[in-house]
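Computed from the coordinates by the stated procedures, all read-outs in this text should not be read as laboratory data. As the structure is a prediction and not an experimental result, all values here were calculated from the model. Positions of Cβ are generated from backbone atoms using ideal geometry, with glycine treated the same way; all protein chains shown enter the neighbour counts.
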Amino acid sequence: MIVIFTIFLLIFTLYLIEFVLINFLFDKKFIKSVNSLKIKNIKFPFNNSNNTALIYIPSPNTNWTLNPYYKNPSNEFIHYREGFRKTCKLNSIVDKIQNNRRKTILLGSSTTYCSDIFSNELTWPFLVQRKFEKNHEIFNFRVPHFTLSQTLIRLVNWINLIKPEL
C-alpha cells in the first residue's frame, strides 16, 4: 500500500511541476508555437545526407553505427550505405553480395576498421580486397569502440544475407 501511495505521490508531483513550469515560467506563445509545429517539418538530425561530419549515428540494434554519409577530409564517402567501412569503390554491400566470389567477413577491433586512416585505399582490408578481388569479396564488419556483443549483433543480422565462407 505504501508503494502505491509513493508512486501516486511521485506522479502527482511531476504533474504539478509540469503545470507550474508551463503556466508560470514558460512563455505561453512559445508553448503554442512548439505545439503547433507539424511533425513532417521536424527533421531527425541523423536521417539525411547533409550529415557528413559525424562518423557515428544512432542505431536501434547496437546503440550506434557508422554514418553512411560521413565524408573524410578528402570529401569522399568511406562507408557503404549500410554502415560498413568500404573495401572497394561500390556504394552498397548488396552490390558486393550479388556475385559468385567467395565471401570473407573481417571481425576484430579498431585496427580492423583502421581508425585514424582516412583514405579507404590505405586500409589493410581494402588492400586485401584488391589483392584477391578475382576470387574473394571482403567485408569489414568492424566499428571502432564496439564491444564483442555489438559485433555479434551485427554479425547475426548480416550473416544469412552474405553467407560467408570465412
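Computed over the alpha-carbon pairs of region 97-137, the distance histogram in 10 Å steps reads 28, 50, 22, 0 percent, short to long. Amide H to amide H distances under 5 Å link Thr65 with Ile57, Ser59, where only residues 5 or more positions off or on other chains count and H is placed in the peptide plane.
The average projected area of region 85-166, computed from the convex hull of its Cα atoms over all directions, is 5.1 nm².
Using a cut-off of under 14 Å, list every residue of region 148-163 whose amide N is near the label point 7 Å from the Cα of Val94 along the Cα-to-beta-carbon line. Residues passing the 14 Å test: 161-162. When the alpha-carbon atoms of region 114-156 are used, the pair Rg, Dmax equals 12.2, 33 angstrom. Residue separation of Leu14 and Leu155 scaled by 0.36 nm, minus their Cα-Cα distance, works out to 46.5 nm of gained length.
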